[in-house]
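Right, one structure below, let's go through it.
The values are calculated or read from the model by the stated rules, or taken from the named source; none is laboratory data. None of these values were measured; they are calculated from a predicted model. Here the Cβ positions follow ideal geometry from the backbone for every residue, glycine too, while neighbour counts run over all protein chains shown. Just so you know, the surface numbers come from the protein's heavy atoms only, side chains and all, with ligands and any DNA or RNA stripped out. Shrake-Rupley method; radii C 1.70, N 1.55, O 1.52, S 1.80 Å.
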Amino acid sequence: MASEISGRFKRWFWRPPRAHGEVIADRQVSVLELFYDLVYVAVLGQAAHQLATDVWGRGLASFTVVFALIWIAWINGSLYLELHGREDGRTRSIVFVQMGVLVLLAVFTADAADGGGWGFAVVYASYQVVQTGLWYSVWRQDRRAHPEFLATTGGYVVGMGVSAMVIGASALLAGTPRLLVWAGLGVGWILGITLAARRSRAGLGLTPTGSLVERFGLFTIIVLGEVVIGVVDGLSVAERDATTIVTGMLALWLGFGLWWIYFDLVGGRLPRANRVALANWVLSHLPIALAITAAGAGMVSQIGHAHDPRAPAGTSWLLAGAVATGLVALVGTEQALVDAERLSVVFHPLRLALCGGAAAALMVGWLRPAPWLLALGLVAILSAVWFFAVSRFLRADAWGEPEP
């Protein structure tokens, strides 16, 4: 009896990865995945904190590069769990190892573009090594049972291994050359995903599922949390009079507006199974998440200058540019949706509204009004886009419609 129990425990604790093609259509995001995602709150918080102290020039460029690497790490970990994770001891152990590495990554993230860059590079390379091992185990499994996925999985393993070596070697470089290497690595990953979707018969090996959509929605909520943190940080250090508090609350409503725009327009909606559309849907979330996090960082400076007659140029352009970037990126997201075809009467004109809202946001940033008026103007733009979208949904009798 004891040996039988021991055998059952061993089989549960160390099962092989879920094979390609074993799609769980009604799969839900597990509590382990939620815990894993929460670690990124710490990592992204450190990146946003650094941007809040230098909202323009090199500070913004450094933030963009570091954020892209963080997002790529999240994508790699999330897609593995979506495609190959199980409810077993092996998956749990692997995820907790990854979480430990990510906690160390957060320690070096705040000054990743400067003195802490070597540490960020070493820890990030270690994370990539773990991912390489995971995807190699999937490749070995595909070699026996699913040869149609060998090219995709093999490319992923090679990409992981190469990126681990490149970013690990970048620890030996000075700040600016190291940042350029990281930027090239980020561009390489984006191009690699794009080419895999277009040239590989298996695409990314992904199948659109509710859990996949939920994971991206949860990550969007995580970065929206950076908006709340930015408002709290700004109000904590500024003089808390009526003008400052009003500016902070308007900045918070800007974050609320981004939530309404994302989750009412594209959140919870399945992307098309077409491999190119699916890749575009995945990649469009990078600028969306980056824009929201950048907006949260910019709010610290906005609130700190609440009494200025005009918003600082860097702060104004950061907030307006973040809103504009997010709105334009949403065009790519909604074009990849199943509903973009089913509800074309809604989504076709919505693309023009999103682009028009982006142009209006940049105009507000160029005008550089007082900080409270800057926030109010951007909230008004998001509200106008949202009301336009809702009017189209109502005309199509599709507002509040449950997902199939």
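Here the dipole of the chain is about 1200 debye; that uses its Cα centre as origin and unit charges on the Cβ of Lys and Arg (positive) and Asp and Glu (negative). Could you please state how large a percent of the accessible area of the chain is carbon and sulfur, counting protein chains only and using a 1.4 Å probe? Solvent-exposed carbon and sulfur of the chain make up 68 percent of the total.
Heavy-atom accessible surface of the chain, averaged per residue, reaches 43 Å², computed with a 1.4 Å probe.
Its Cα gyration tensor gives the stretch 235-303 an equivalent ellipsoid, and the semi-axes of that ellipsoid, as √(5λ) in whole Å with the largest first, are 34, 12, 5. The stretch between HIS348 and ASP264 holds 28.7 nm of extra length on full extension. This uses 0.36 nm per residue minus the Cα-Cα distance.
If R0 equals 41 Å, the separation of the Cβ atoms of ALA384 and LEU180 corresponds to a calculated FRET efficiency of about 0.55.
What is the P(r) of the stretch 271-404, as percent of Cα-Cα pairs per 5 Å bin from 0? Values per bin, smallest distances first: 2, 11, 18, 19, 17, 13, 9, 6, 4, 1, 0. Measuring max minus min along each principal axis, the C-alpha atoms of the stretch 159-313 give extents of 60, 44, 23 Å (largest first).
Order 291-302, 117-128, 387-398 from most to least packed using the mean count of other Cβ atoms within 10 Å. All intermediate terms of the calculation are to be shown ahead of the outcome.
Working: 291-302: 29.1, 117-128: 21.9, 387-398: 14.8.
My ranking of the peptides, most packed first, is 291-302, 117-128, 387-398.
Quickly estimate the mean residue ellipticity at 222 nm for the chain, helices only: each DSSP H run with n ≥ 4 gives -39500 (n - 2.57), and the total goes over all residues, rounded to 500. Walk me through the intermediate numbers first.
On the way: 14 runs with 315 residues, N = 404.
Theoretical 222 nm ellipticity from helices: -27500 deg cm²/dmol.
Between ASN274 and PHE13, the simple spin-label model (points 7 angstrom out along Cα→Cβ) gives 4.9 nm.
For the chain, the longest principal axis of the C-alpha atoms and the axis of helix 89-109 are separated by about 40°.
Peptides 28-35, 69-76 ranked from most to least packed give 69-76, 28-35, packing being the mean of other C-beta atoms within 10 angstrom over each peptide's residues.
So between ARG395 and ALA242, what do we pick up on full extension, going 0.36 nm a residue minus the alpha carbon distance? It would help to have the intermediate numbers written out before the result.
Details: separation 153, 0.36 × 153 = 55.08 nm, distance 4.13 nm.
Extending this stretch completely gives an extra 50.9 nm.
Percent of C-alpha pairs per 5 Å bin in the stretch 173-252, short distances first: 3, 11, 11, 9, 12, 13, 13, 12, 8, 5, 2, 1, 0. Computed packing ranks the peptides 170-179, 228-237 as 228-237, 170-179, most packed first, by mean other Cβ atoms within 10 Å.
Rounded to whole Å, the principal axis extents of the Cα atoms in the stretch 3-69 read 62, 27, 18, largest first. Distances over 36 Å make up what percent of all Cα-Cα pairs in the chain? Of all Cα-Cα pairs in the chain, 27 percent lie more than 36 Å apart.
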